[in-house]
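This report refers to the structure that appears directly beneath it.
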């Protein structure tokens, strides 16, 4: 109930809620995303989305993504449903269009996508990867994470897992459709 009230409050804020999100509300929201109650997870997911859309201060969004990445990579989130929600929420942080956030997100997502055994969760992970890849490609950054992600995507296109091939194909299609990223993506793909 309290989270649904917060959703409405965040929607009407006239300032950047990044500091509040990364300090006092980070742990309750992340705990809500891992809740066994579906209603609490949905409410926390909606609240996270609102914060992610409005938070623009790189250092604060980076703190949230770092904590989420730590929880994912250390195995604190064992349920595939919860991992899928975390991947989806990491993807929502691409709205900040912050390069450091996208680099950190790609580090975690690339590591976890290769290990993810659940097909539903891997779809969320790849979708989030594509969102953060777009941020870095739009900025024209040639960071090692972009090359690593592109290599992982190319390898996944030859995978025996249909969900990997299909989702990466759709992601590459999204990059092609957003033509401004496509040329840089091709350079990254064939230069390596």
Give me a count of the residues in region 99-108 that are over 19 Å from residue 55 (Cβ atoms) and crowded, with 24+ Cβ neighbours inside 10 Å. 0
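Residue-by-condition table, conditions (1) modelled with pLDDT of 95 or more; (2) surrounded by 23 or more Cβ atoms within 10 Å (Cβ to Cβ):
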{"residue": "94", "(1), (2)": "no, yes"}
{"residue": "97", "(1), (2)": "no, no"}
{"residue": "120", "(1), (2)": "no, no"}
{"residue": "124", "(1), (2)": "yes, yes"}
{"residue": "143", "(1), (2)": "no, no"}
{"residue": "147", "(1), (2)": "no, no"}
Condition first: within 26 Å of residue 79 (Cβ to Cβ), at pLDDT 90 or above and not in a helix (DSSP H, G or I). Can you find one or more residues in region 153-162 that meet it? no
Quick test of your reading of the structure: residue 56 fulfils all but one of (1) more than 25 Å from residue 17 (Cβ to Cβ); (2) surrounded by fewer than 17 Cβ atoms within 10 Å (Cβ to Cβ). Name the failing condition by number. (1)
Taking the condition under 18 Å from the mean Cα position of the chain (by Cα), over 15 Å from residue 102 (Cβ atoms), modelled with pLDDT under 90 and surrounded by 15 or more Cβ atoms within 10 Å (Cβ to Cβ), does residue 172 pass? yes
Taking the criterion of being over 28 Å from residue 15 (Cα atoms) and over 14 Å from the mean Cα position of the chain (by Cα), would at least one residue in region 52-66 satisfy it? no
Does region 123-159 hold any residues that are over 23 Å from residue 97 (Cα atoms) and touching a helix residue (DSSP H, G or I) at 6+ places or on another chain (Cβ under 6 Å), and which are they? 156, 157, 159
For residue 70, work out the one condition from (1) in contact with a helix residue (DSSP H, G or I) (Cβ under 6 Å, 6 or more places away or on another chain); (2) surrounded by fewer than 23 Cβ atoms within 10 Å (Cβ to Cβ); (3) part of a helix (DSSP H, G or I) it doesn't fulfil. (1)
Which of (1) within 17 Å of the chain's Cα centre (by Cα); (2) within 19 Å of residue 125 (Cα to Cα); (3) at pLDDT below 90 does residue 49 not meet, given it meets every other one? (3)
Can you tell which of 40, 5 is modelled with pLDDT under 90, surrounded by fewer than 21 Cβ atoms within 10 Å (Cβ to Cβ) and assigned to a helix (DSSP H, G or I)? 5
Looking at region 24-37 only, could you name the residues that are loosely packed, with under 15 Cβ neighbours inside 10 Å, touching a helix residue (DSSP H, G or I) at 6+ places or on another chain (Cβ under 9 Å) and within 15 Å of residue 63 (Cα to Cα)? 27, 28
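The values are calculated or read from the model by the stated rules, or taken from the named source; none is laboratory data. Computed from a prediction, not measured in an experiment: that's the story for all the values here. Because the Cβ atoms are built from the backbone with ideal geometry, glycine has one as well, and the counts that use them run over all protein chains shown.
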